[in-house]
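One structure is given here, and the rest of the page talks about it.
The values are calculated or read from the model by the stated rules, or taken from the named source; none is laboratory data. Bear in mind that the values here come from a model prediction, so they are computed numbers and not experimental data. For neighbour counting, all protein chains shown are included, and Cβ atoms are generated from backbone atoms with ideal geometry for every residue, glycine included.
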Amino acid sequence: MDIEFVDGVPGNTVSNKAIPKTTEHDRLNDGAIGCWRGHMNALGEIVRRNLSSALILEDDVDWDIRLRSQLHDFALSTQALSQPLINAPLPGGVSNLETVLDIPLDNLPSTVAPTFSPYGDDWDLLWIGHCGMHFPFLDRKGVPKARVIHYNDVTVAPKKNLWTFNIPFTLKEQYPEHTRAVHRVQEGVCTLGYAVSQKGARKLLQEVALKDVSDAVDILLRFFCEGGKGRKPHNCLTSQPALFHHHRAAGPMSSMSDIGTHDGFRDTSMTDMVRWSVRLNADALLEGGTEFVDQYPDDV
């Protein structure tokens, strides 16, 4: 994996003439405009270099030391949800199923092996860093409702440490402790981390960079995935809980965001919902250690 940094954009440097506007509304605040422009610049680079896929991360994210195994299981899950079934009873397999179906990770259906990506051959966006996500609404026509369920996932924090902006929190309320679910996107919040395919990046530029910037970029991604405000739906998958979360460093809380305002002082660094945090275990990792701090241990 090659890592490159993309400069952020101060919103006050973006001219009104460079912001698509096709409906009557106020200009977004400078933080939201800068965030939108920065994400669009990253997508433009992906298209310009013709990268087959790329992962876009905001600079305040953190993840579990066991990310590699998490991504392995996520890839198996997205294949099950999007690849054609072998001897499928339905054309297109699970991807055409509009009834809710829980598929255990350890009992996945046999699917056609992908040729483009380990995550499947036809995805546009994998929204794996967010502040909240719903399961697909039952009344949303034409959207597969199946979920791949990871029971007993040791990387998932206890329920008491899980939170979301999206209420009801169905995963927490209806599934056992330490459960992860992979499914189609519904009302995602925050753009902490997402992967795009080359065709997905091109579509995002068309739908989000060149159409009305009426809302913050995470809401525009929601319109891209689900369809809305002149945009058609696209193939977007996600994980609950997310794989990338906000890291909240010790210090003035005003440094948390360029979009919102926060007051106060944080005495101790922490990361939302990540058990073996890379940032909080950086010293041990650099020293080659194998004993890591678990932010959210289970009750004994």
Subset of segment 171-193 [within 18 Å of V274 (Cα to Cα) and within 14 Å of the chain's Cα centre (by Cα)]: R180, A181, V182, V189, C190, T191, L192, G193
Any hit, segment 88-104, residues being surrounded by fewer than 12 Cβ atoms within 10 Å (Cβ to Cβ), over 27 Å from F137 (Cβ atoms) and in contact with a strand residue (DSSP E or B) (Cβ under 8 Å, 6 or more places away or on another chain): no
Criterion violated by F224 - all others in (1) assigned by TED's automatic domain parsing to the domain that holds L138; (2) surrounded by fewer than 17 Cβ atoms within 10 Å (Cβ to Cβ); (3) of a type in the set (F, W, Y) satisfied: (2)
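Taking strands (runs of 3 or more DSSP E) that fall entirely within segment 73-185, which contain at least 3 residues that are aliphatic (A, V, I, L, M), more than 21 Å from D62 (Cβ to Cβ) and in the same structural domain as K199 (by TED's automatic domain parsing)? Spell out how you get there, then give the answer.
Working: elements: 102-104, 125-129, 147-150, 180-184.
Hits in segment 73-185: none.
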Failed criterion for S269 (all others in (1) over 26 Å from H72 (Cα atoms); (2) in the same structural domain as V182 (by TED's automatic domain parsing) hold): (2)
Failed item, numbered, when S69 is tested on (1) within 23 Å of S277 (Cβ to Cβ); (2) not in a helix (DSSP H, G or I): (2)
Some residue of segment 73-80 being among the β-branched types (V, I, T), closer than 17 Å to L105 by Cα and either crowded, with 20+ Cβ neighbours inside 10 Å or touching a residue at least 24 places away in the same chain (Cβ under 8 Å) (or both): yes
Near pairs, Cβ below 7 angstrom, 6+ apart or cross-chain, from segment 162-180 (on the phi > 0 side of the Ramachandran plot) to any residue that is surrounded by fewer than 17 Cβ atoms within 10 Å (Cβ to Cβ) and not small (G, A, S): H178/N152; H178/V154
Whichever residue in segment 154-181 is crowded, with 19+ Cβ neighbours inside 10 Å and in contact with a Lys or Arg (Cβ under 6 Å, 6 or more places away or on another chain) and, among such residues, is nearest to L105 (Cα to Cα): A181
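Given R49, R37, R66, which one is among the basic types (K, R), at pLDDT 95 or above and in contact with a Phe, Trp or Tyr (Cβ under 8 Å, 6 or more places away or on another chain)?
So the residue among R49, R37, R66 that is among the basic types (K, R), at pLDDT 95 or above and in contact with a Phe, Trp or Tyr (Cβ under 8 Å, 6 or more places away or on another chain) is R66.
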Within segment 189-257, strands (runs of 3 or more DSSP E) holding 1 or more residues that are hydroxyl-bearing (S, T, Y): 193-197, 236-240
Test result for V213, surrounded by 17 or more Cβ atoms within 10 Å (Cβ to Cβ) and either closer than 20 Å to G129 by Cβ or in contact with a strand residue (DSSP E or B) (Cβ under 9 Å, 6 or more places away or on another chain) (or both): no
